[in-house]
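Colleague: Let me begin by handing over the structure; questions about it come next.
No lab work stands behind these numbers, since they all come straight from the coordinates. None of the values given here were measured: they were computed from a predicted structure. Please note: Cβ atoms are built from the backbone with ideal geometry, for glycine as well, and neighbour counts cover all protein chains shown.
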Amino acid sequence: MLLFGWHTWRGESGARYRFKVTLTKKGLPEDGGLYVMVRRRFVFLMEPLYVGKAASLRSRLLGHEKWGRAFWYYGATERHVLKIKEERERQIIEEDLIRGLKPRMNDMMIPRGAKDLPTHGALRKKWMDRNWMKLWLGGNGSRQHARG
């Protein structure tokens, strides 16, 4: 299954996360993890529409309130899932993916500006390491923002 097996999504930190494509109810695991609602265009081109996390992927995705909107308005065709047991790890990866992919249906964690920091410490350190020049050239106000 070349088209519908696995797909790797990259977060803002540069980390890669390997998701399994699920097209049926049987493909949804009971475990906790992350999911990405996707619109597939031209066979290989995929646009992430929504990134979320759940304690039980099956129960969350079968009754998800945003799936109807994603399907009818944005043309969502499939869901990708990644099993992750720990809630803390799910939160960090979810924020990394949202900040990196900028899906149109997620609006809370998408960066508002070039100097908008991640909330989690590990992501914040990676972000500051990658954007040190912007922070340094930005003047005193941006350095204060980066620390706080």
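Colleague: Rounded to the nearest Å, what's the spacing between the alpha carbon centres of region 49-79 and region 4-20? Just the number, please.
Modeller: Spelled out, the Cα-based centre of one part sits 18 Å from the other.
Colleague: Something else now. Can you tell me the length gained on complete extension of the stretch ARG124 to TYR73, counting 0.36 nm per residue apart and subtracting the Cα distance?
Modeller: Numbers: separation 51, 0.36 × 51 = 18.36 nm, distance 3.37 nm.
Going from the current span to full extension adds 15.0 nm.
Colleague: Starting from the Cα gyration tensor of region 6-110, take the square roots of the eigenvalues, sort them a ≥ b ≥ c, and report rounded, prolate or oblate (rounded when a/c is under 1.5, otherwise prolate if a/b is larger than b/c, else oblate). Mind dumping the intermediate values first?
Modeller: Numbers: a/c = 1.35, a/b = 1.07, b/c = 1.27.
Cα axes put region 6-110 in the rounded bin.
Colleague: Once you have the Cα-Cα distance between SER59 and ASP31, take 0.36 nm times their residue separation minus that, and quote the gain in nm to one decimal.
Modeller: On the way: separation 28, 0.36 × 28 = 10.08 nm, distance 0.97 nm.
Between SER59 and ASP31, full extension yields 9.1 nm more.
Colleague: Could you tell me the calculated FRET efficiency between PHE42 and LYS66, based on Cβ-Cβ distance and R0 = 30 angstrom, to the nearest 0.05?
Modeller: Numbers: r = 24 Å, r/R0 = 0.80.
Calculated transfer efficiency: 0.80.
Colleague: Given LYS26/LYS102; LYS102/LYS125; LYS26/LYS125; LYS20/LYS102, which pairs have Cα atoms separated by over 27 Å?
Modeller: Details: LYS26/LYS102 29 Å; LYS102/LYS125 20 Å; LYS26/LYS125 39 Å; LYS20/LYS102 20 Å.
Going by Cα-Cα distance, LYS26/LYS102; LYS26/LYS125 fall outside the 27 Å limit.
Colleague: What FRET efficiency do you get for LYS83 and MET108 if R0 is 22 Å and r is their Cβ-Cβ distance, rounded to the nearest 0.05? Present the calculation step by step, with values, prior to reporting the outcome.
Modeller: Values: r = 24 Å, r/R0 = 1.08.
Between LYS83 and MET108 the formula returns 0.40.
Colleague: Then there's this: How high is the relative contact order of region 26-68? Use alpha-carbon pairs under 8 Å, at least six apart in sequence, and give a whole percent. Mind showing how you got there, number by number?
Modeller: Values: 57 pairs, mean separation 18.4, N = 43.
Worked out over region 26-68, it gives 43 percent.
Colleague: Using the Karplus curve 6.51 cos²θ - 1.76 cosθ + 1.60 with θ = phi - 60°, work out ³J(HN,Hα) for each residue of region 20-37 in order, rounded to whole Hz, and write x for Gly and Pro.
Modeller: Those phi angles translate into 9, 7, 10, 10, 10, 5, 5, x, 8, x, 7, 5, x, x, 10, 9, 10, 8 Hz.
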